[in-house]
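Asker: I'd like to ask you about the structure that follows.
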Ligand code: IPD
């Protein structure tokens with residue numbers, strides 16, 4: 001039976017898909033990039049456009065609901081999680097990936113530079129050189145953009161980019177929707193009703209042993225020497241504990257989705273925000289995983305820190321290994 005927030009959930013899915021379309025298109029266009037809290041904390045017109053679209057549509061449909069959203073917060077809006085139904089939105093997670101960036105177009109001199117050494121200049125811009133095949137060419141018509149030719153416009157980007165929409169009522173997370181815009185993967189989780197990716201049920205790996213774990217993290221926006229030292233030393237501690245690997249993909253929400261789907265076994269970060277975490281938390285919990293504070297205590301969505309793992313044992317091992325990096329709280333900014 002449809003739950004009480006069915007209409008909200010359906011609206012979130014529709015808006016995430018629409019936002020994804022806008023982001024996919026914008027990925028291949030030139031972008032104006034500005035910085036926020038640091039030189040590594042980026043924002044574009046598309047972040048604003050998508051956030052405005054999502055919020056204005058939801059506000060019209062659900063006028064009594066509250067909103068917490070990344071770009072509104074950056075412009076000074078307070079992040080307060082009350083008991084009222086609240087949407088927690090990251091319009092583009094992975095903005096740094098989103099802006100990186102190869103702005104050439106099909107059949108220009110840029111294509112020649114890209115294939116340098118393996119293919120002579122293009123006489124016919126309708127042809128696509130295959131750099132790994134000794135200069136062989138395909139006619140563009142033989143090579144649909146959806147195929148991985150290594151030359152499709154999106155493959156010249158770093159396309160690990162998502163839209164994230166979480167929803168909480170009485171301070172409890174009810175559902176989360178995360179859309180991987182370029183791989184067109186829709187992750188959803190609803191409290192008590194499971195987690196899915198494009199309709200397929202998600203399960204965490206169940207791994208308990210840190211020495212068999214693939215661990216994901218993100219760097220966070222602060223880049224001062226003391227913060228970087230702590231960040232690297234945390235990574236070193238996990239590698240000393242013999243984790244198989246520690247990866248940084250540039251999108252906390254999609255990294256958390258990798259954990260939910262069993263592709264990775266754990267995630268930790270200092271400096272992520274409630275909009276990076278809200279939707280993913282429901283998805284991970286519904287996939288059987290654990291999301292806690294880096295102290296080992298219960299998750300505090302506003303505390304800008306998290307350990308998530310396939311099992312409680314794994315989460316505690318990671319929490320114990322970490323040194324704290326202080327980022328302050330989202331609700332005190
Ligand atoms: C950021 C990314 C980044 C992580 C930050 C996030 P944004 O989100 O996920 O990888 O290190 O903590 O805030 O700014 O791209 O939406």
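FYI, it's all coordinate maths here, none of it is from the lab. Since the model is a prediction, treat every value here as computed from it, not as a measurement. Every residue, glycine among them, receives a Cβ derived from its backbone with ideal geometry; neighbour counts consider all protein chains shown.
Asker: Between residue 208 and residue 34, what is the label-to-label distance in nm when each label sits 7 Å out along the Cα-to-Cβ direction?
Answerer: For residue 208 paired with residue 34, the spin-label model returns 5.1 nm.
Asker: In percent, what relative contact order does segment 246-333 have, based on Cα pairs under 8 Å that are 6 or more apart in sequence?
Answerer: Dividing the mean separation by the residue count of segment 246-333 yields 30 percent.
Asker: Once you put a point 7 Å from the Cα of residue 10 and another 7 Å from the Cα of residue 331, both along the Cβ direction, what distance in nm separates them?
Answerer: Output for this residue pair reads 3.2 nm.
Asker: If the chain between residue 239 and residue 200 were fully stretched, how many nm would it gain, using 0.36 nm times the residue separation less the Cα-Cα distance?
Answerer: Going from the current span to full extension adds 10.8 nm.
Asker: Additional query: How high is the relative contact order of segment 167-303, given as a whole-number percent (alpha carbon pairs under 8 Å, six or more residues apart)?
Answerer: Contact order relative to length: 31 percent.
Asker: Does anything in segment 1-43 have its amide N under 15 Å from the 7 Å Cα→Cβ label point of residue 53, and if so which residues?
Answerer: Under cut-off, by backbone N: 12-29.
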